[in-house]
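The next block holds one structure in the form of structure tokens; read it before the comments.
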Amino acid sequence: MSSSHEFSQVSSDAFKSWSRCKRQFYYKHVKRLQWPADIQHFRLGRDVHKLLDYQARGLDCDLLLSNAPRDVRLSWQKLITHPTVHLPVLANEWAFHVPLQTEQGKMEWATGRIDRVARSGNEIWVIDWKTGTGVPRNPEADWQTRLYLYALVEVAGTPSAADLGLNIDGPLRPEQVRFVYVEVKADEATPVREISIEYNQAKHDATRQVLQTILSQLAVEEDFALPDNGACPDRYCSYRSICGIERMSLASV
Ligand code: SF4
């Protein structure tokens with residue numbers, strides 16, 4: 001395996017894979033090996049996100065809703081009564097690119113797309129709607145949480161903020177922002193769940209450091225090794241049949 005690939009843009013999913021298993025990162029983000037996916041797994045999330053995009057733009061959602069499946073309508077009925085949906089929107093489906101310098105002096109870009117940036121009192125919230133999937137088990141440490149908060153603070157107040165569609169004047173201190181997961185289940189009984197994560201300068205500095213370290217490691221990586229302990233860290237990983245972890249486990253018996 002070789003690292004003769006350029007990683008000019010690295011997403012939160014790539015950072016997640018890298019932190020979890022370098023071999024998984026290799027298949028997913030170097031070789032871009034994707035098995036065919038069933039579109040039905042993404043339908044609910046896609047449809048609800050589309051409705052939220054309409055709502056953020058002040059467009060009429062009724063036509064979309066009149067043709068929507070029951071699970072979409074149930075999710076929407078709960079979401080539209082939740083206060084986060086009605087906070088003043090500063091950006092919706094906000095795509096960011098944050099530059100980071102590696103130890104080799106190379107410029108790389110961390111990228112992502114934030115569902116919504118909204119103002120809540122004196123704070124700016126990064127909002128992520130969880131429809132088809134649940135909130136990460138450890139949301140504070142999750143790469144999506146960390147990278148999105150980092151990106152918002154880094155981009156706010158820069159000349160490129162407006163070009164990127166971020167409607168915020170001036171820089172933000174990390175203490176002014178928070179990440180809010182809003183989880184909605186497509187049933188009548190389960191209430192909307194809101195998980196809120198505070199941010200601060202120490203977390204911001206730590207994220208910058210670890211992002212730079214990972215990007216610097218990526219620049220010279222050649223092995224993309226399996227976990228040293230031979231234990232697979234992701235039981236849902238789709239590369240099990242080809243990665244070699246099962247042969248490794250058998251060899252250690
Ligand atoms: S199955 Fe496990 S060990 Fe193999 S690539 Fe995936 S995460 Fe890594």
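Any residue in region 199-216 that is within 16 Å of the ligand (Cβ to nearest atom), over 21 Å from ALA14 (Cα atoms) and either without any contact (Cβ under 8 Å) to a residue 12 or more places away in the chain or surrounded by 14 or more Cβ atoms within 10 Å (Cβ to Cβ) (or both)?
no
Return a yes/no flag: does region 223-238 have any residue that is surrounded by fewer than 20 Cβ atoms within 10 Å (Cβ to Cβ), within 25 Å of GLU108 (Cβ to Cβ) and more than 16 Å from the ligand (Cβ to nearest atom).
Checking region 223-238: not a single residue is surrounded by fewer than 20 Cβ atoms within 10 Å (Cβ to Cβ), within 25 Å of GLU108 (Cβ to Cβ) and more than 16 Å from the ligand (Cβ to nearest atom).
Residues checked against (1) β-branched (Val, Ile, Thr); (2) part of a strand (DSSP E or B); (3) modelled with pLDDT of 95 or more:
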site: ILE197; (1), (2), (3): yes, yes, yes
site: LYS203; (1), (2), (3): no, no, yes
site: THR207; (1), (2), (3): yes, no, yes
site: ALA231; (1), (2), (3): no, no, no
site: SER249; (1), (2), (3): no, no, no
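Within region 71-100, can you find the residues that are touching a residue at least 40 places away in the same chain (Cβ under 8 Å) and basic (Lys, Arg)?
LYS78
Can you tell me which residue within region 5-46, out of those that are among the charged types (D, E, K, R) and assigned to a loop (DSSP other than H, G, I, E, B), is nearest to the chain's Cα centre (by Cα)?
The residue in question is ARG32.
Within region 141-179, take every residue that is of a type outside the set (A, V, I, L, M) and closer than 17 Å to SER11 by Cα and give me the one that is nearest to the chain's Cα centre (by Cα).
GLN144
What's the number of the condition ALA161 fails, among (1) part of a loop (DSSP other than H, G, I, E, B); (2) free of Cβ contacts under 8 Å to residues at least 24 places away in the same chain?
(1)
Output the residues belonging to region 105-124 that are over 29 Å from HIS82 (Cα atoms), in contact (Cβ under 8 Å) with a residue 40 or more places away in the chain and part of a loop (DSSP other than H, G, I, E, B).
Of everything in region 105-124, just one residue is over 29 Å from HIS82 (Cα atoms), in contact (Cβ under 8 Å) with a residue 40 or more places away in the chain and part of a loop (DSSP other than H, G, I, E, B), namely LYS106.
Can you tell me which residue is nearest to HIS82 (Cα to Cα) among those in region 10-57 that are in contact (Cβ under 8 Å) with a residue 40 or more places away in the chain, among the aliphatic types (A, V, I, L, M) and surrounded by 14 or more Cβ atoms within 10 Å (Cβ to Cβ)?
LEU52
The values are calculated or read from the model by the stated rules, or taken from the named source; none is laboratory data. Nothing here was measured: the structure is a model prediction, and the numbers come from that model. Note that we place each Cβ from the backbone using ideal geometry, even for glycine, and neighbour counts take in every protein chain shown.
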